[in-house]
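The values are calculated or read from the model by the stated rules, or taken from the named source; none is laboratory data. Remember, predicted model here, so these are calculated numbers, not experimental data. Every residue, glycine among them, receives a Cβ derived from its backbone with ideal geometry; neighbour counts consider all protein chains shown.
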Amino acid sequence: MSAPKILQPGEIEAFSSAIPQLHPPAADLFRARAGRLRRIAPDHSLAAYLGFIAAIADCQQSLLEGLSDLPEAASRHIERRREHGLPPLAIDGWPRDPVWRGLARTLATEVAGDAPAQAQAVMDRIAGSSDDWLEDQASALLALDLARVDIAASTIIGAALQVYWVRLARGFDPTGVARPDPPRLCPVCGAHPVASVVHMGGTDDALRYLVCSLCASHWYLERVKCSNCANTRDLGYHAVENPKSAIRAESCPDCHSYLKVLYRNLLPELDPTADDLGSLALDWLMSDEGYARSGVNLMLLQAAPAPREAH
Ligand SMILES: [Zn+2]
Ligand SMILES: [Zn+2]
């Protein structure tokens, strides 16, 4: 019997280059999210709210499927940014196609019947809103400038922006996109992650990926590494009850932030946006322990400060 083989540095590099660094969003992303929300809602204290987000996700899926190919101008922007090593769909300065405003108004109209009574006025307001107001709200939301964001309207506006950016992210070849350093922002659009996911099966079995809160791309990050400041020492893992839970928070003693880790190898149907909403008790626990949330969920903007930079 031969001794266990220890990888030499060159071999480790060869191994890492074989790791898929980036996965574009899935075609049925919003359908899967809606299904997962409906499975976790019935026994949940936030059942009505999760059901409303599921109705939004259903509508997002049909809007995504109805969007046509990227216009020529978008493809040219992507190429120019790629040549400069920038995230190809960076939210900063991206010329948003007016089509996204139609998505926001349609969403507000279509899901009004599922919205809680107190949200009806907000749905009407979005459906009849001016172009200028929608653009101003989109800019504030993407910049996480919460003082300017109309929080009551942000779920619908965020949902419309997700459909638009997911369509963009599905419309170009992701090879050659630069690896982000530090890893906290999406290499495709520059938005914050909602959570991280440990994949199961295929070439990335047991590898961990961060999942974009906006375009839903997955980008690779080593396990046991802070996504906010890249620290690898003394990370903590927290769960509400069972320490082997499929949803845990990875905390960093250096920058005092945390990001959730969803273990699909334990529960394959986990969805980053849905299960983040379904595990708010973990956020309350982490807040009590003095950690700041670094994940962003556009379906529920929390009145926490924007993710802090590493010092
Ligand atoms: Zn992104
Ligand atoms: Zn950190």
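Criterion first (of a type outside the set (Asp, Glu), more than 16 Å from ligand 1 (Cβ to nearest atom) and either assigned to a strand (DSSP E or B) or modelled with pLDDT of 95 or more (or both)) does residue 296 satisfy it?
On the way: of a type outside the set (Asp, Glu): yes; more than 16 Å from ligand 1 (Cβ to nearest atom): no; either assigned to a strand (DSSP E or B) or modelled with pLDDT of 95 or more (or both): yes.
Against the criterion (of a type outside the set (Asp, Glu), more than 16 Å from ligand 1 (Cβ to nearest atom) and either assigned to a strand (DSSP E or B) or modelled with pLDDT of 95 or more (or both)), residue 296 does not qualify.
Of the residues 212, 189, only one is away from ligand 2 (no atom under 16 Å from the Cβ), in contact with a Leu (Cβ under 6 Å, 6 or more places away or on another chain) and within 30 Å of residue 93 (Cβ to Cβ); which?
Unique residue meeting the criteria: 189.
Scan segment 6-36 residue by residue and report those that are more than 23 Å from residue 199 (Cβ to Cβ) and either at pLDDT 95 or above or assigned to a helix (DSSP H, G or I) (or both).
Within segment 6-36, the subset more than 23 Å from residue 199 (Cβ to Cβ) is 6, 8-10.
Scanning segment 6-36 gives 9, 10.
When only residues in segment 128-167 that are of a type in the set (Phe, Trp, Tyr) and within 16 Å of residue 89 (Cα to Cα) count, which is nearest to the chain's Cα centre (by Cα)?
165
Read through the list (1) out of contact with any Phe, Trp or Tyr (no Cβ under 8 Å at 6 or more places or on another chain); (2) outside any strand (DSSP E or B), then give the number of the only condition that residue 270 fails.
The one condition residue 270 does not meet is (1).
Please go through segment 223-261 and pick out each residue that is within 13 Å of ligand 2 (Cβ to nearest atom), outside any strand (DSSP E or B) and among the hydroxyl-bearing types (Ser, Thr, Tyr). Working first, answer last.
Start the filter on segment 223-261 by keeping residues that are within 13 Å of ligand 2 (Cβ to nearest atom), which leaves 224-236, 249-259.
Right, trim to outside any strand (DSSP E or B) and you get 224-235, 252-256.
Across segment 223-261, the qualifying residues are 227, 232.
Of everything in segment 204-222 that's in a loop (DSSP other than H, G, I, E, B) and under 11 Å from the mean Cα position of the chain (by Cα), which residue is nearest to residue 19 (Cα to Cα)?
Keep residues of segment 204-222 that are in a loop (DSSP other than H, G, I, E, B), which gives 205-207, 213-217, 221-222.
Filter once more, keeping what is under 11 Å from the mean Cα position of the chain (by Cα): 213-217.
Values: 213: 22, 214: 23, 215: 21, 216: 19, 217: 15 Å.
The qualifying residue nearest to residue 19 (Cα to Cα) is 217.
How many residues does segment 88-131 contain that are at pLDDT below 90 and either hydroxyl-bearing (Ser, Thr, Tyr) or over 24 Å from residue 52 (Cβ atoms) (or both)?
Total satisfying the criteria: 2.
All but one of (1) away from ligand 1 (no atom under 16 Å from the Cβ); (2) under 24 Å from residue 152 (Cβ atoms); (3) out of contact with any Cys (no Cβ under 9 Å at 6 or more places or on another chain) hold for residue 96; which doesn't?
(1)
Within segment 137-154, is even one residue at pLDDT below 95, part of a loop (DSSP other than H, G, I, E, B), buried (at least 16 other Cβ atoms within 10 Å of the Cβ) and within 16 Å of ligand 2 (Cβ to nearest atom)?
no
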